[in-house]
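The values are calculated or read from the model by the stated rules, or taken from the named source; none is laboratory data. Bear in mind that the values here come from a model prediction, so they are computed numbers and not experimental data. For neighbour counting, all protein chains shown are included, and Cβ atoms are generated from backbone atoms with ideal geometry for every residue, glycine included. Note: accessible area is taken over every heavy atom of the protein model, side chains too, but ligands, DNA and RNA are not part of it. Shrake-Rupley method; radii C 1.70, N 1.55, O 1.52, S 1.80 Å.
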Amino acid sequence: QVDLLESGGGSVQAGGSLKLSCVASGDDISRCGMGWYHQAPEKARELVSTIASDGTTTYAESVKGRFTTSQDNAKTTLYLQMNSLKTEDTGMYYCAAETYGRYDSCSGSWWGPGTQVTVSS
């Protein structure tokens, strides 16, 4: 069981920055990789970035060079630093705990309730 709670969303103008956080707790968390997903209005949820339990990160092409995923040393908090935000980055951002890397052994798939990001032109 893993519990996740995102924070840090808000409204920002295009070109601005936001930093999202996701606090994770539960027995499984040390065996799981963590990910960020984005769901734009009326669109499907898309994977933005992942960080595996060995620290390996991946990014969607649309955010490479603009977003950075990191974790604290205890792996209890996941971060998403978002720079040079664009209007198309608007939507809900969800934190997830799943298996992403070869060394992950997450027993399930867990999601937070999400945090809203709105980028205006």
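Counting only trypsin sites (Lys or Arg not before Pro) that sit in a DSSP loop (anything but H, G, I, E, B) with at most 16 other Cβ atoms within 10 Å, what is the longest stretch of the chain containing none of them?
Longest gap between qualifying sites, sites excluded: 1-42.
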Accessible surface, per residue, of the chain when the full set of protein chains is kept, probe 1.4 Å, Å²: 51
DSSP beta bridges in the chain [antiparallel fraction, %, rounded to 5]: 90
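Rank these residues by their accessible area, most exposed first, probe 1.4 Å: SER21, SER11, SER105.
The most accessible residue leads, giving SER11, SER105, SER21.
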Inter-site label distance for SER109 and LEU47 at 7 Å from Cα along Cβ, in nm: 1.0
Percent accessible area from carbon and sulfur atoms, the chain, protein chains only, probe 1.4 Å: 47
GNM flexibility winner over the chain from SER84, SER53, SER70 (Cα, springs under 10 Å): SER84
Residue of THR69, THR87, THR77 that the Gaussian network model of the chain assigns the largest fluctuation, springs spanning Cα pairs under 10 Å: THR87
At most 16 other Cβ within 10 Å, DSSP loop - GluC sites (Glu not before Pro), segment 1-93: GLU42, GLU61
Highest-fluctuation residue, GLN13, GLN71, GLN39 considered, GNM on the chain with Cα pairs under 10 Å: GLN13
Candidate lysines for bridging to LYS43, where Cα separation is under 25 Å - those fewer than 8 sequence places away on the same chain excluded: LYS19, LYS64, LYS86
